[in-house]
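Presented below is the structure to which this report refers.
Please treat every number below as a calculation from the coordinates, not as lab data. Worth saying up front: this structure is predicted, and the values here are computed from it rather than measured. Every residue, glycine among them, receives a Cβ derived from its backbone with ideal geometry; neighbour counts consider all protein chains shown.
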Amino acid sequence: MENKNISVNLVEAKNLNATSIHVTFKNNGSGAYFLDKKLAFANNKYYVDCLVLTMDGVSFERTKKFKVAESKFPEDYVKIEPGTSLSVELELNKHFSIPNSGVILVQYKGLNFNVELNKLDDILSNVIEIELGSKK
């Protein structure tokens with residue numbers, strides 16, 4: 001079930017050398033929210049499948065997969081205080097075979113284990129379009 005206390009917003013990051021996204025996680029709730037670092041692209045790594053990239057209805061596959069250990073609380077979680085945000089940038093080229101031209105659609109779809117409620121939270125973002133081959 002989607003948790004309204006945490007939201008995620010994507011925007012294209014203006015980068016001349018790579019196709020990148022800027023991801024902002026915002027805590028809209030009244031208490032702290034603990035987000036698994038793997039879902040927050042810790043160390044600029046794409047650990048778990050939480051991005052959906054498509055072009056003309058065809059999904060992109062990751063170029064490599066990580067063997068991921070189970071996350072432990074609290075060391076593998078980042079705390080986002082109420083009313084604050086966590087922002088990260090991720091180069092899609094490092095994790096997907098991105099073509100040189102066309103338009104790709106990108107959306108964040110993550111499942112975070114909510115340690116306080118002992119359940120999984122769906123975290124869904126907006127969908128953005130990135131026009132390839134036309135660096136602005």
(request) Express the relative contact order of the chain as a whole percentage, based on alpha carbon pairs under 8 Å and six or more residues apart in sequence. (result) 35 percent
(message) Explain nothing, just the number: dipole magnitude of the chain about its Cα centre with +1 on each Lys and Arg Cβ and -1 on each Asp and Glu Cβ, in debye rounded to the nearest 20.
(response) 340 debye
(message) Suppose we take every Cα in segment 1-80 and form the convex hull; what volume per residue is that in Å³?
(response) 145 Å³
(request) Binning at 10 Å from 0, report for segment 77-128 what percent of all alpha-carbon pair distances ends up in each bin. (result) 17, 42, 28, 12, 1
(request) Read through the labelled values [x] 44, 31, 26; [y] 64, 48, 35; [z] 53, 25, 24 and report the label of the one computed as Cα extents along the principal axes in Å from the structure. (result) [x]
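Step through the table entries K4/K64; K26/K119; K14/K119; K37/K64; K65/K109; K94/K119, compare each Cα-Cα distance with 27 Å, and write down the pairs that go over it. Mind showing how you got there, number by number?
On the way: K4/K64 31 Å; K26/K119 19 Å; K14/K119 36 Å; K37/K64 19 Å; K65/K109 17 Å; K94/K119 31 Å.
The answer is K4/K64; K14/K119; K94/K119.
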